[in-house]
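This report concerns only the one structure given below.
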Amino acid sequence: MPLRVSSAAELGAVLRETRTGLKIHAADLAIIADMSPTTLRRLESGNPTSAVLSLLVLLDELGIELYLSPPPDLPPVVLPPAGTAPKRRRVSA
């Protein structure tokens with residue numbers, strides 16, 4: 001089911017829940033995505049980088065809604081309440 005995403009915290013929650021649901025370690029995903037582990041951690045924690053924040057503001061100003069569809073075989077993603085950061089989760093080996 002598509003999730004409407006309108007904040008960096010919601011985007012981070014979808015990224016983290018999807019990664020952990022797929023049992024991918026953060027360090028491995030950072031390598032695959034060619035980014036630093038710090039950047040991945042910041043994105044997953046809902047820390048709005050200037051680019052993400054600019055994109056969300058632009059989408060809002062234009063009336064564009066952003067929907068993400070996590071893989072269908074994963075448990076549903078629960079978005080964090082407004083103003084809160086997503087919960088940390090560890091991938092079990």
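Over the chain, DSSP H runs of length four or greater, each weighted -39,500 (n - 2.57), average out per residue to a 222 nm ellipticity of -13500 deg cm²/dmol. If you roll a 1.4 Å probe over the chain with all protein chains in place, what percent of the accessible area is carbon or sulfur? After summing per-atom areas, the C and S share lands at 60 percent. The packing ranking of peptides 6-12, 32-38, highest mean first, is 6-12, 32-38, where packing means the average number of other beta carbon atoms within 10 angstrom of each residue.
With all protein chains kept in place, the per residue accessible area of the chain amounts to 69 square angstrom at a probe of 1.4 angstrom. Working from Cα pairs under 8 Å separated by at least six residues, relative contact order for the chain is 51 percent. Label-to-label distance for residue 62 and residue 38 is 3.1 nm, based on points extended 7 Å past Cα in the beta-carbon direction. Other residues lying with their Cβ under 9 Å from the Cβ of residue 6 contribute a combined charge of -2, Lys and Arg counting +1, Asp and Glu -1. Farthest toward the positive end of the dipole of the chain, out of 26, 6, 49, is the Cα of 26, where the dipole comes from beta carbon charges about the Cα centre. Region 59-73 and region 1-16 have Cα centres lying 8 Å from one another.
The values are calculated or read from the model by the stated rules, or taken from the named source; none is laboratory data. Quantities reported herein were computed from a predicted structural model and do not represent experimental measurements. Positions of Cβ are backbone-derived with ideal geometry, glycine not excepted, and every protein chain shown enters the neighbour counts. All accessible areas refer to the heavy atoms of the entire protein, side chains included, with ligands and DNA or RNA removed. Shrake-Rupley method; radii C 1.70, N 1.55, O 1.52, S 1.80 Å.
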